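The values are calculated or read from the model by the stated rules, or taken from the named source; none is laboratory data. Since the structure is predicted, the reported quantities are computational estimates derived from the model, not experimental observations. Here Cβ is always computed from backbone atoms with ideal geometry, including for glycine, and neighbour counts include all displayed protein chains.
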Amino acid sequence: MGRILARAAALLAGLAIASTATIAGTLPVDAASTCRITFDSYGIVKAGSYGLRAKAAQCLLKAAGYDNAIALVFSAGDGALLKQFQAAHKLQATGIVDAMAWTALLSRGSTPTLHYGSRGANVQRLQRALTASGRSVPATGWFGPITQAAVKSVQRAQGWRATGVATTGVWRALQSGGAAKVPVSKAAPKVTAPTGASGRGAIALAFAKKQLGDRYAYRGTGPDAWDCSGLTMKSWAAAGVKLPHSASLQFRIGAKVAKSNLRLGDLVFFYPGIRHAAIYAGNGMVIHASHPGAPVAYIKMKYMPYMGARRPG
């Protein structure tokens, strides 16, 4: 019984340490001792936000090398510094700590290979970033089945083989913010702007609309499961245009289109390295197949880092 109680006490102590992590060595000692950066969810922090999450965002900016004060209120000055961080990491410079910014801030640093059974501070850093990305992982410091499943989710979302090993590539996906899940919507946008559509673009968009609610599947090309480039490929195939099953290759096809001149059905691309493709649906919205567990859905373009657009036909 004594041994069991001792082990239980050790476990509780470890969880307490994990829940109130410090960033010692990168912050003043007094600030580091009170900087909590572990939460069950991270939410949105912007100028005027108050509380522990606002303070955590300030701590992470300080740890990233920015000269800001640590308080419980996220100021306009903090937002300006965050814009610098976002721009440096090729994120949309909004000054708002959203899922992508949290993920990039929390995963910043070295990129050690971690796997099932790994333990330590780097595992906690990975777990916090995974949670911020939309994959709930307790920050225990032990790489167990929950962490492994979350890493596989990141790999599948990137179109990679799901090994469950946190390689440099997984870290880079987190550090770029590109691994963050974003809100989706099945509701059709009200198209009021004169976005128009070519005949083929209209056909491609109509096909994509019919797939709304279908599930995501890696390398999926229908009829009821899709990945991002599979959906765009088949949408334009319905319009008589042949495209490769690759977002980066699709980006090389057709006429370049300025963001201000998008038409219904145009191909829109996101994330550095061209890792995601979607179909323009009007009023700043696209239809896309995003990641495992999420259906084909509408989403606002502003939630993803825009990289360009093409008009295949």
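Considering only residues that are farther than 17 Å from Val257 by Cα and modelled with pLDDT under 90, look in the range 276-297 and name the one that is surrounded by the most Cβ atoms within 10 Å (Cβ to Cβ). My answer is Val296. Within the range 114-125, being more than 18 Å from Cys59 (Cβ to Cβ) and either touching a helix residue (DSSP H, G or I) at 6+ places or on another chain (Cβ under 7 Å) or of a type in the set (A, V, I, L, M, F, W, C) (or both) holds for Leu114, Tyr116, Val123.
Of a type in the set (S, T, N, Q) and more than 26 Å from Ala104 (Cα to Cα) - does that describe any residue in the range 238-258? Looking for residues that are of a type in the set (S, T, N, Q) and more than 26 Å from Ala104 (Cα to Cα), one finds at least one in the range 238-258, hence yes.
Here is the figure for the range 64-114: residues that are within 21 Å of Asp40 (Cα to Cα), crowded, with 17+ Cβ neighbours inside 10 Å and among the aliphatic types (A, V, I, L, M) total 8.
Filtered by the rule that a residue be at pLDDT 90 or above, aliphatic (A, V, I, L, M) and out of contact with any Leu (no Cβ under 9 Å at 6 or more places or on another chain), the range 57-94 gives Val73, Ala76, Ala80. Summed over the range 126-147, residues that are farther than 17 Å from Ala57 by Cα and of a type in the set (Lys, Arg) total 1. Is it the case that some residue within the range 43-66 is of a type in the set (Phe, Trp, Tyr), out of contact with any Cys (no Cβ under 6 Å at 6 or more places or on another chain) and farther than 25 Å from Met304 by Cβ? Yes: the range 43-66 contains one or more residues that are of a type in the set (Phe, Trp, Tyr), out of contact with any Cys (no Cβ under 6 Å at 6 or more places or on another chain) and farther than 25 Å from Met304 by Cβ.
Among the residues of the range 232-239, is any more than 17 Å from Arg311 (Cβ to Cβ) and either aliphatic (A, V, I, L, M) or part of a loop (DSSP other than H, G, I, E, B) (or both)? No, every residue in the range 232-239 fails to be more than 17 Å from Arg311 (Cβ to Cβ) and either aliphatic (A, V, I, L, M) or part of a loop (DSSP other than H, G, I, E, B) (or both). Against the test of being surrounded by fewer than 20 Cβ atoms within 10 Å (Cβ to Cβ), among the basic types (Lys, Arg) and assigned by TED's automatic domain parsing to the domain that holds Arg108, the options Arg135, Arg125, Arg161 yield a single qualifying residue, Arg161. Here Gly201, Gly230, Gly220, Gly308 are screened, and the one residue that is in contact (Cβ under 8 Å) with a residue 40 or more places away in the chain and surrounded by fewer than 21 Cβ atoms within 10 Å (Cβ to Cβ) is Gly308. Within the range 59-70, the only residue that satisfies the criterion of being assigned to a helix (DSSP H, G or I) and either touching an Asp or Glu at 6+ places or on another chain (Cβ under 8 Å) or outside the structural domain of Thr34 (by TED's automatic domain parsing) (or both) is Leu61.
Among the residues of the range 274-289, write down those that are farther than 18 Å from Gly230 by Cα and of a type outside the set (A, V, I, L, M). Scanning the range 274-289 gives Gly282, Asn283, Gly284.
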